[in-house]
Each structure stands twice: as C-alpha cells, then as structure tokens.
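Enquirer: There's a structure below that I have some questions on.
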Amino acid sequence: MSDNSDNVFDAAAVSEGITINPAAASVTRNREVQSASESSDNVLDAAAVHEGITINPGKARVTRKWGAGAAAALALVALTTGISVLVAKQYQQQTVVFDMKGTIDLFMQQSAKQQLDENTAKAMTTRFNNALRESLNAWQQSHDALVLVPPAVVMPQRDITREIQADIAQRMQGTP
C-alpha cells in the first residue's frame, strides 16, 4: 500500500479512506478534499498533503482513549465488587453452637437428684423447656446469629452453651 522511500500511495487505498501508517504517524485522507487522491501519477508531494491529506498521530490517541476507558471500566468493576463483598458480609449471619443434648442431660441429672413427684417433675420440665426456648430465641434475636448444635458444624465456632445455661437458670429461678 505504501512505499516509504518515494512517498507513493496507492490511489485506490487513498480514495477508499484507508489509514496508512508509515513509521510512527498515521496518514488519513481528508474526505472533503479529493484533489490529492485523484492525482495522475499517484505521487504525494508537499502541495498534495497541504491540499487534502492530514497527518494525525491517530493510533497513539486511540490507544490512550482505549487505555483510559479500560482503566475506568476496571476501576468500576473493582468498586462494584468491593461494595458487593461489604454488603454480603453485612448480611451474613454469625454461626454459633449450643450443646442442647448436654444441657438437657444436665437438667435431667439435677432433677433426678431432687426426687420430685410426677406432677412437680412435669411442671419443672415444662418450665425448663419454656426457659430453654425463650433463652435461645432471645439470644438469637439480640445477636442476629444462627444457633446450631455441635454435630451440625464442621469448623470450630463460638460456643454459647454456658451463656444459655446461665440464662436458663435465671429464668427457672424467676418463674414460680
């Protein structure tokens, strides 16, 4: 398409508006002026360039524009990813464990030592169940956490068994 030594351009390429890149600059034909592309000997001299062909650093500008656009898009993706991570962490519930079996076994051992009649044992068991349920619900609501039993958890989690047992004891003593 171009011979850099003679500055000769293919007339078809120039008339089609094709960008020709000799060395570092791109040479683009100006569409309004067609006299330069219609020269009979296809040799571009200083007068032809002055009449209708402009020399632009085309690719350098386009590359900078695309580079800036790509950087802006990458920054936008990073920002939205960061916001998504923060929102996900904000709404992620904490997971804790409570040894319900151990707590119930402890209650059964303590109530067996008291040698209560059947009606008193039923009333105490009902009070214990209510205190257990209320204590777990109150703790879960105040901490916005997911309470699981130890066998359901693979990774070590915070154990709230002692806290719940202390709250159950207080509720049991406060209830007549």
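Enquirer: Provide the packing ranking of 86-94, 146-154, 161-169, i.e. peptides ordered by the mean count of other C-beta atoms within 10 Å per residue, highest first. Don't skip to the answer; put the middle values down first.
Expert: Details: 86-94: 9.2, 146-154: 12.4, 161-169: 16.2.
Peptide ranking by packing, descending: 161-169, 146-154, 86-94.
Enquirer: A further question on this structure: Quick one: pull the percentage of alpha-carbon pairs in segment 68-150 with a separation above 15 Å.
Expert: On the way: 2461 of 3403 pairs.
Value for segment 68-150: 72 percent of Cα pairs lie more than 15 Å apart.
Quick note: the coordinates plus some simple rules give every number you see, no bench work behind them. Bear in mind that the values here come from a model prediction, so they are computed numbers and not experimental data. Glycine also receives a Cβ, built like all others from the backbone with ideal geometry; neighbour counts cover every protein chain displayed.
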